[in-house]
Amino acid sequence: MLVSQVKDSTFNEEVLEHDQLVLVDFWAPWCGPCRMVAPVVDQIANEYSNSIKVVKINTDENPTTATEYGIRSIPTLMIFKDGDRVDTVIGAVPKSTLATTVNKYLDK
């Protein structure tokens, strides 16, 4: 599976210290829209496997990171580049929207 799970304890290493663009899916198992966007996140992970890293973080099990990034509604998808949050997409969005957002930050 190309999408890995991260935790509060591994977020810095897996996301902030990673040298590639990282897409983080903040989600929870009870969230209907999160389940709707999950296949889209998986498709992005597959299609961009050579250029980005895609991870998921369960906000119920990892409240520290969710609080640190001000997660108020889920799903929230954040893009990190060189340890900095560069963009945020909130809600279950179509694949085209997410792909367009990711493409803005890929090194050309």
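Each reported figure results from applying straightforward, stated rules to the coordinates on display, with no laboratory input. All values reported here derive from a predicted model rather than from experimental measurement. Please note: Cβ atoms are built from the backbone with ideal geometry, for glycine as well, and neighbour counts cover all protein chains shown.
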### Task
Search the stretch 73-108 for residues being exposed (fewer than 12 other Cβ atoms within 10 Å of the Cβ) and acidic (Asp, Glu), and hand back the single one that is farthest from Asn12 (Cα to Cα).
Asp107
### Task
Could you tell me whether the stretch 17-27 includes any residue that is surrounded by 13 or more Cβ atoms within 10 Å (Cβ to Cβ), free of Cβ contacts under 8 Å to residues at least 12 places away in the same chain and either within 12 Å of the chain's Cα centre (by Cα) or not in a loop (DSSP other than H, G, I, E, B) (or both)?
no
### Summary
Note on Asn12: of the conditions (1) surrounded by fewer than 17 Cβ atoms within 10 Å (Cβ to Cβ); (2) under 17 Å from Ser73 (Cβ atoms); (3) under 14 Å from the mean Cα position of the chain (by Cα), unmet is (2)
### Query
Somewhere in the stretch 54-61, is a residue within 14 Å of Gln20 (Cα to Cα) and either surrounded by 12 or more Cβ atoms within 10 Å (Cβ to Cβ) or touching a residue at least 24 places away in the same chain (Cβ under 8 Å) (or both)?
yes
### Message
Here are the criteria: (1) surrounded by 19 or more Cβ atoms within 10 Å (Cβ to Cβ); (2) in contact (Cβ under 8 Å) with a residue 40 or more places away in the chain; (3) not basic (Lys, Arg). Tell me which single one Ser51 does not satisfy.
### Response
(1)
### Task
Could you please let me know if Ile44 is surrounded by 20 or more Cβ atoms within 10 Å (Cβ to Cβ), aliphatic (A, V, I, L, M), touching a Lys or Arg at 6+ places or on another chain (Cβ under 9 Å) and assigned to a helix (DSSP H, G or I)?
yes
